[in-house]
Amino acid sequence: MAWGNFSRVTEFILLGLSDTRELQVLFFTIFFLAYTMVLLGNLLIIVAVRTDPKLSSPMYFLLCNLSFIDICCTSVTAPRMLVDLLSRRKAIVFEGCIAQLFFLHFAGSSEMFLLTVMAYDRYTAICKPLHYTAIMSRWACWVLVCSCWAGGFLHSITQTLLTIQLPFCGPNTIDSYFCDVQPVIRLACADTYVTQWLMASNSGLISLGCFLVLVSSYTLILASLRGRLIRGHWKALSTCGSHVLVVTLFFVPCIFIYLRPLCAFPFDKYICVIYTIFSPVMNPLIYTLRNREVKESMWRLWKCCRV
């Protein structure tokens, strides 16, 4: 037995994205470059925000935390996937599979909550500018960020506990490149109908709920700016547009995957690549290429490093 008295499975076999050697090499190259961009881009944002006093506003504090979460979220799946792409046998021990599942949902759901907080920050800055400093104080920002992590932990521990209480005694092949809740519980030697609906109500509704809150926030912002688009408001709209792009890339695939408890498609694993790899890549690109203050800070940082 591998997990108390509940399982005889000691490891799972990950089928990955493809069994064709040429495609595996191509995927390795693409995802290695993407993971490198995630690490370097987000680390650069963190260093720039932490070292530049001009980037001390709540927006940049939240952006710094988003970059950290992106690194954590991608690092849960990407290194393992890169190793497996060069391996013939893609096996992961039961305990490692459960740990990957836990940390993926921990970081992923924390990012969902943080993106929602960032939308609230933009709404407050644009629609209530006179009260912005009081509402988004440093203490309030820390409380909001800690609440995001706490909410992510509660979500993830719920998913994990629902998974490990199931008996695993039969097939151990997962048609994906990482361990996630739905493909894992489908291998359980028990009726998982209720469990799958419980998990859908957890992951799926959290994704959908956060997405609707975000859409509502940006709708209110657009409504408040209608008819008074001066220079400062155009800048605010540009920032919101960047947030909307990140939100779309991250939430739409999550909603599609986690709000369908009883059905699976062969292309699900390719959709997962969007929010586990490519969405974290977009964050540093969007927030640096479209943000003058961040670009100027990075340029000053580069000149200091050359001296």
Mean separation of Cα contacts under 8 Å, 6 or more apart, over the residue count of the chain: relative contact order %: 27 percent
Within a Gaussian network of the chain (alpha carbon springs, distance under 10 Å), most fluctuating of LEU26, LEU222, LEU14: LEU26
Cα long-axis angle, helix 94-127 against the chain (0 to 90 degrees, to the nearest 10): 20 degrees
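Using just the helices of the chain, give the 222 nm mean residue ellipticity in deg cm²/dmol: DSSP H runs with n ≥ 4 each add -39,500 (n - 2.57), and the total is spread over all residues, rounded to 500.
Value at 222 nm, helices only: -24000 deg cm²/dmol.
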Of ILE98, LEU14, PHE211, farthest towards positive along the dipole that unit charges on Lys, Arg, Asp, Glu beta carbons give the chain: PHE211
FRET efficiency estimate (nearest 0.05) - Cβ-Cβ, ARG50 to ARG89, R0 35 angstrom: 0.25
Residue with peak Gaussian network fluctuation, the chain [Cα springs, cutoff 10 Å], from PRO253, PRO79, PRO261: PRO79
Lysine pairs with alpha-carbon atoms under 24 Å apart, the chain, spacing 8 or more or separate chains: 8
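Rounded to the nearest 0.05, what FRET efficiency is calculated for LEU222 and TRP197 with R0 set to 25 Å and r the Cβ-Cβ distance?
On the way: r = 36 Å, r/R0 = 1.43.
With a Förster radius of 25 Å, E is 0.10.
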Label point distance in nm, HIS131-LEU259, each placed 7 Å from Cα along Cα→Cβ: 3.1 nm
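Calculated FRET efficiency, ILE13 and GLU293, Cβ-Cβ r, R0 41 Å, to nearest 0.05? Spell out each step's value before the answer.
Numbers: r = 48 Å, r/R0 = 1.17.
Result of the calculation: an efficiency of 0.30.
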Heavy-atom surface of the chain, accessible at 1.4 Å and reported per residue (Å²): 48 Å²
q = 0.07, 0.08, 0.15 Å⁻¹, segment 11-299: log10 I(q)/I(0) [Debye, one scatterer per Cα]: -0.28, -0.37, -1.15
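If I stretch the segment between THR158 and THR29 completely, what's the gain in nm (0.36 nm per residue apart, minus their alpha carbon distance), one decimal? Display every interim value, and only then the final one.
Details: separation 129, 0.36 × 129 = 46.44 nm, distance 3.54 nm.
Difference between extended and current length: 42.9 nm.
Assigning unit charges at the beta carbon (Lys, Arg +1; Asp, Glu -1) and nothing else, what dipole magnitude in debye, to the nearest 20, does the chain show about its Cα centre?
On the way: 24 positive and 15 negative charges, 248 e Å.
Here the chain has a charge dipole of around 1200 debye.
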Pairwise centroid distance, computed over Cα atoms, of segment 21-94 with segment 161-228, Å: 22 Å
Heavy-atom accessible surface of the chain: percent carbon and sulfur, 1.4 Å: 71 percent
With Cα atoms, 0 to 90° folded angle of helix 58-85 axis to the chain main axis: 30 degrees
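Report the extension gain between ALA140 and ASP175 in nm, rounded to one decimal, defined as 0.36 nm multiplied by the number of residues separating them, less their alpha carbon distance.
Details: separation 35, 0.36 × 35 = 12.60 nm, distance 4.27 nm.
That pair, ALA140 and ASP175, stretches by 8.3 nm at full extension.
The values are calculated or read from the model by the stated rules, or taken from the named source; none is laboratory data. Fair warning: this is a prediction, and the values are worked out from it, not measured in the lab. As a convention, Cβ positions derive from the backbone with ideal geometry for all residues, glycine included, and neighbour counts pool all protein chains shown. Surface areas here come from the heavy atoms of the whole protein model, side chains and all, with no ligands, DNA or RNA. Shrake-Rupley method; radii C 1.70, N 1.55, O 1.52, S 1.80 Å.
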